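Read the structure below first, then the notes.
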Amino acid sequence: MAINDNFDVAIVGCGPVGGALATLLGQRGHRVVVIERWPSPYPLPRAVHFDHEVARILQACGLGADLPRITEPATDYEWRNAAGQVLVQFGGRELGPSGWPDSNMFSQPELEALIEARARAQPTVEVRRGFELTAIADTVDGVELTTRPCEAHASSDATDARGDVAAGGDGHAIRARYLVGCDGANSTVRGLVGATVTDLGFFYDWLIVDVALHEPRIFDPMNVQICDPARPTTLVSGGPGRRRWEFMRLPNETVDELNDEARAWQLLADWDITPDNATLERHALYTFQARWVDQWRVGHVLLAGDAAHQMPPFAGQGLCSGLRDAANLAWKLDLVLTGRAPDRLLEAYGRERAVNVRAVIEFSMELGKIICVPDPAEAAARDEAMITGAMQAGPQPVPPLPGIVDGVRFGGDPLAGELFIQGRVSDGDRSARFDDVVGGGWRLVTMDTDIAASLPAETVAWFADIGGRVVALGDGGLSDVDGVYDWWFETHGVRVALQRPDFYLFGTATDASGATRLIDGLRDALTRPDDVLTGAAEGGGA
C-alpha cells in the first residue's frame, strides 16, 4: 500500500487539545493533519472551566479577543454542608498572574468551534473528519498510520479540511514524522501503542446535568459544592446563560435509576429549575477516575489530553491539563522538526508534564474525598473539623500548581520552572497584554535597557534563530502600564527573566553576564538535552 500523504505531525482527535496543538504547530508553519472519527463537532457541554494560564494559551492560539464573549469569570467557589455552613472558600481574582481571570466558566461547544476554526485557518493544517485510525507502524524516521472512513458514518460525511470528500477510501495511509494521540479517555492511539496506565482506583458515578436558562438569574455563590450526605451535589456556571448540576449516585441507587431525564428534572426542581424556565441540554452519567499513562511517548508517538490522563472534576483542571500538554509539546516539536534540537528533547515532554498532572490529580482526589461522603456520621465529623478552620481562614486563593521541576530549566535557580506573569504593556501606539504586543515564543524580559543592549551579538543571533526576542521594559523600552513587571522583578530581586514559549521560566538573572549565561544555558539544554534529562546540566541564576 503506497504512502500518499506526508506531514510533519499527525494528530488523532479534534477536540480542544488536538485543535489547539494543530493551531500552535500550524502557526509555526508545520504541515499537520488532524484525524477525527466524528463527522461534526460534539454539540453538547462537557468541560466548563479553564484557568488564567489556559486563557493565555488560548490567547496564543489567536482567541484572545473571543474569550470574553464566551466566558463568565468566577470569583467565588464555596464548599458547604447540608446546613449551608461554609467548609472551605476559594476566592478567584478578577485578574490572575497570566493577565486573565483566575477562573473562567464556558460552554465547550462554543470554545471547540473557535479552536477548530483557528486550526482550519492555518494554511498548513488539514482537518479530516469522519475517519478512524486502524493501525500504527513506527519507522526509523517517523510513523505510518492507516485510516479509513468510520463505519458508524456515511462515507459522504468523511471530509477533508476543504469540505470535499477525502481521498483514499479504505486503508488510506499517512506518513508523519510524529503522531500525537489527543483522542480522549478511550484513546485508540494509546491502545495501539500499548501504553500502560497507573490507576489510583478513585471511582464515583455522577449524573451531569446542563441547562440553558430562559431568563438571567444570579447565583450566589456562583460555584458551590454541597457536601450533603443525602446527595452530594455540585452547582456551577456553564458559561453565560448556562448552569451545570452534578449529582452523585448514592450507594442504594442503580445507574439506570439516576441516568434518566425525568429524574434529572426531579433533582433540579429543588432549585426551581423546570421545563418552564430552562432547557435541558444534556444529562449523562460519568464515572470520575484518577489515572495517567506510564509512557507519554512510545517511539514517534506521543499522548496528550485525556488520552494521557483523567482526573476528578473538583479542581476544574481536566481540560486545563490537556491544553498545558499542547502548549508544552508544541514548542518542543517545533524545535525538533526544524532541526534546532535533537529528537531526544521530546523525552522532556512527559518528564515535565507528569509531575504537574499527578499533583493536579492528587489535589482533585483530596477535594473529592471531602464531598463524596454519603455516610451522615462521617459527614458530621468532617463538618466539625472544617467549619472552624473555614471561619478563621476566610476565602483562600486556589493553591498554585507545581511548575516545571524536572526538564528544560536552568539548574540551581529557585525561580526556574515557575509560571511567569503577563501584564499590559504599551509600545507608544497601543496598550495591550504583553503577548499581543510582542508575540509569543522565547522571551528574555528585563527591566534594564542597558542589559538588553550589552548582550553579545552572537548570543542574541542564536536566540533570535529559535524565535527568541529580547524585550526591555521601562525607560527606553516598552511601558509597564500597570506596574506588574516592576512589582514582579522587585519582589523576586532579579532583573532578567527568560520565559519559555509555554510561559514557564527557564531561569532568571540579576545582570548582563547572568543574562548571557541564561541564553547559553538554554542553548546547552536544547542542543544537549541528555544533560538536562540526566541532571548533568547545572547553572546559577545570577
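Details
- For D228, the residues whose amide H sits under 5 Å from its own are T233, ignoring neighbours fewer than 5 places away on the same chain, with H placed 1.01 Å from N.
- Long-range HN-HN contacts of H49 with modeled amide H, under 5 Å: F106
- Applying 0.36 nm per residue to the separation of L235 and E378 and subtracting their alpha-carbon distance, the gain on full extension is 49.2 nm.
- Beta-bridge orientation, the range 424-534: approximately 70 percent antiparallel, per DSSP, counting only bridges with both partners inside.
- The slack in the chain from S513 to V437, taken as 0.36 nm per residue of separation less the alpha-carbon distance, amounts to 24.6 nm.
- Two-site FRET efficiency, L200 against N6, from Cβ-Cβ distance with R₀ of 51 Å, rounded to 0.05: 0.80
- Theoretical gain in end-to-end length, R282 to A457 [0.36 nm per residue, Cα-Cα removed]: 57.1 nm
- Kyte-Doolittle mean at least 0.5, axial Cα span of 27 Å or more - DSSP H helices of the chain: 318-337
- Within the chain, antiparallel bridges make up roughly 70 percent of the DSSP beta bridges whose residues both belong there.
- Given R0 = 45 Å, the distance between the Cβ atoms of D429 and F219 translates into a calculated FRET efficiency of 0.60.
- The residue list V86, A393, F434 was ranked by how far each Cα lies along the charge dipole of the chain toward its positive end, using unit charges on Cβ atoms, and F434 comes out on top.
- Inter-label distance, nm, simple model (7 Å from Cα along the C-beta direction), T274/E490: 5.8
- Backbone HN-Hα couplings from phi across the range 272-280 [Karplus 6.51/-1.76/1.60, Hz, Gly and Pro as x]: 6, 10, 9, x, 6, 10, 7, 10, 7
- For the range 282-290, Karplus couplings with θ = phi - 60° (6.51, -1.76, 1.60), whole Hz, Gly/Pro x: 6, 9, 8, 8, 10, 9, 5, 9, 9
Here, each number is a calculation from the coordinates, and none is a lab measurement. Everything numeric in this text was worked out from a predicted model, so none of it was measured. Cβ coordinates were reconstructed from backbone atoms using ideal geometry, including for glycine residues, and neighbour counts include every protein chain displayed.
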